[in-house]
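Below is one structure; the comments refer to it alone.
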């Protein structure tokens with residue numbers, strides 16, 4: 001039977017099929033009666049309705065994604081892109097800054113971001129490890145687990161899903177940090193035309209254009225963006241182009257397929273780390289070694305993907321996805337890295353929501369294999385150019401994930417969750433150069449089963465409590481295995497952990513909304529990257545013994561008074577060694593123990609908003625595991641004003657770091673600085689101003 005709904009703004013964009021025969025008959029009958037009597041005639045009320053336009057079935061709508069979130073027995077949230085479009089929307093820090101539990105700090109104002117969840121990849125100040133990054137449900141990480149951010153455009157996302165820790169099992173992720181899924185608009189929820197321009201300090205400018213629509217069974221979305229900046233620091237220029245597109249076709253009412261095409265071209269200069277003394281004296285300067293070596297990261301990537309969903313009745317669904325990406329990386333750092341990469345994979349997921357013995361139940365079963373090949377060419381760096389070859393490796397990674405999860409509703413308000421994932425992954429390196437006549441070919445396999453259990457208690461639709469116990473498993477990436485000066489693989493053990501978590505999310509009328517999680521992870525074989533303190537160059541990777549990651553993730557939005565709202569996030573990050581032979585019970589370096597962000601905004605019914613914001617790191621935190629050198633505390637004050645409209649023009653003006661504070665946005669991580677001030681500090685931007693104008697229809 002067809003579904004019907006009263007026509008709204010979205011439906012008016014589609015052709016309406018309205019039967020007027022009945023209306024004409026009623027009107028004619030009433031006119032005839034009016035000629036034969038003087039009595040007033042009460043006409044029949046007629047409601048004009050149109051067939052409901054079904055949304056895409058390959059992609060959840062934003063309301064559907066928020067409802068699905070309530071089936072996660074732990075820290076997870078959905079970010080509506082409208083929330084960060086009220087200001088500059090450039091980096092992952094802009095997009096994820098108010099996501100509970102996500103530490104995202106930009107490096108030199110560029111899109112190279114320090115990203116960590118629950119201490120994942122805590123030492124990776126470049127190239128992500130420990131979080132699975134997805135685009136529309138299929139992985140962006142390389143097959144060995146590493147990831148880059150240049151292929152992410154915050155403005156080209158309709159919403160972002162964040163699954164912290166073991167709560168990302170439904171996407172086949174068993175890393176300590178979880179997964180982040182960037183979901184692109186479809187023709188069903190995209191504007192017909194969207195044009196946005198941003199400009200500001202340090203030569204920053206961004207132009208974004210997108211369009212989407214529906215034509216019968218076909219829908220489409222396409223966007224193109226250009227971004228460039230001179231940068232706050234010397235040798236911090238960046239320029240990139242991005243194109244995102246997808247087209248979906250509704251084959252039958254229960255079968256839809258969608259194809260994706262993405263292209264990214266990014267050129268980034270790397271200004272490098274400074275000592276604390278250099279940062280306080282002149283944070284705009286570049287590291288002398290980085291400048292002399294013209295260090296940079298230039299990336300070209302093309303990616304194609306497909307997602308197909310088949311509904312098997314009202315309670316079952318089969319999802320298929322596949323992707324292929326080709327990347328060319330030119331990366332002059334301590335050496336010149338020239339790395340063409342091919343990554344490809346498929347995923348199959350079955351979802352069954354049929355009742356079991358009369359009880360509500362949800363079962364998910366998935367299989368996700370992926371493969372990657374890298375030709376790792378290395379040369380002497382001569383002012384950013386390739387000198388003599390130092391290495392040539394053919395590197396191959398493969399990962400096979402099989403996972404299952406079942407959610408059984410013992411009571412309407414109480415559900416029990418049990419699941420697990422088996423992972424088998426390989427690392428193979430073939431030496432094609434054999435420097436010094438030494439063959440550095442090696443290979444190793446990693447495998448493990450990672451179980452999970454949890455529960456959700458939901459006394460009403462506005463209140464939820466949850467708890468879970470999960471395990472994680474994380475083999476090292478090639479960036480860690482071959483990061484030493486000889487590039488000889490040092491096959492460290494896989495990192496693993498067991499995490500305990502409790503928390504709550506909900507809302508109190510229209511006054512407050514919260515998301516809080518408390519967790520404690522017992523980690524074994526934590527991957528520690530060793531760095532040469534003199535040059536900041538990697539010298540290898542080692543495993544720690546026992547470590548503990550525990551903390552609090554809090555997001556709290558409160559309406560303080562009519563039209564006055566306070567949005568805030570707080571993180572407590574207590575990461576430490578546990579009886580380590582070298583570092584005892586020291587704090588693990590690299591991330592502030594306390595971190596707070598807040599935004600106080602007055603919002604008018606006509607879409608206007610105005611208010612201040614703050615970012616606060618109230619305590620010093622260590623740069624080295626020996627806890628001898630630290631980054632200073634800081635507080636940043638900002639201000640924002642603008643108007644946001646669903647149609648027509650929107651605008652914003654924004655000020656950041658109004659007090660022009662000199663501070664380290666993030667740092668490098670080393671084992672022992674011996675109390676000596678070393679080049680491990682990455683300065684944050686100084687006082688800056690940005691403005692933007694947008695038109696949507």
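Read-outs: derived from the displayed coordinates by stated rules, not from any lab. From a predicted model like this one, the values you see are computed outputs, not experimental measurements. When we count neighbours, we look across all protein chains shown, and the Cβ atoms used for this are built from the backbone with ideal geometry, even at glycine.
Could you line up 599, 654, 474 from fewest to most neighbouring Cβ atoms inside 10 Å?
Taking fewest neighbouring Cβ atoms as first place, the list is 654, 599, 474.
When the helices in the chain are scored as -39500 (n - 2.57) per DSSP H run of 4 or longer and the sum is shared across all residues, what 222 nm value do you end up with, to the nearest 500 deg cm²/dmol?
-1500 deg cm²/dmol
Just order 351-358, 220-227 by mean Cβ neighbour count inside 10 Å, highest at the front, would you?
Descending packing order for the listed peptides: 220-227, 351-358.
Helix 21-36: angle to the longest alpha-carbon principal axis of the chain, degrees 0 to 90, nearest 10?
30
Once label points are set 7 Å from the Cα along Cα→Cβ at both residue 645 and residue 449, what is their separation, rounded to one decimal in nm?
The answer from the label model is 6.0 nm.
So, in Å, what gap is there between the alpha-carbon centers of region 190-225 and region 603-678?
28
Could you give the length gained by full extension between residue 328 and residue 632, i.e. 0.36 nm per residue of separation minus their alpha carbon distance, to one decimal place?
Computed gain between residue 328 and residue 632 is 105.7 nm.
Determine the shape class of region 119-261: with a ≥ b ≥ c the square roots of the Cα gyration tensor eigenvalues, call it rounded for a/c under 1.5, and otherwise prolate if a/b is greater than b/c, oblate otherwise.
Here region 119-261 falls in the oblate category.
Would you mind pulling out the separation of the Cα centroids of region 229-285 and region 422-480, in Å?
26
Using only the Cα atoms of region 91-183, build the gyration tensor, take square roots of its eigenvalues as a ≥ b ≥ c, and label the shape rounded, prolate or oblate: rounded if a/c is under 1.5, else prolate if a/b is larger than b/c, else oblate.
Rounded, because the longest to shortest axis ratio a/c is under 1.5.
Please report how far the C-alpha centroid of region 379-402 lies from that of region 68-97, rounded to the nearest whole angstrom.
Using only Cα atoms to place each centre, the spacing works out to 34 Å.
When P(r) over Cα pairs in 10 Å bins from 0, in percent is calculated directly from the model, which label among (1) 3, 13, 22, 25, 21, 12, 4, 1, 0; (2) 3, 14, 24, 27, 18, 8, 3, 2, 1, 0, 0, 0; (3) 3, 13, 19, 17, 14, 12, 10, 7, 4, 1, 0 fits?
(2)
Mean separation of Cα pairs under 8 Å and 6+ residues apart, divided by the residue count of the chain: what relative contact order is that in percent?
It comes to 11 percent, rounded to a whole number.
Sort 626-633, 117-124 by packing, meaning the average of other beta carbons within 10 Å per residue, with the highest value first.
By packing density, highest mean first, the sequence is 117-124, 626-633.
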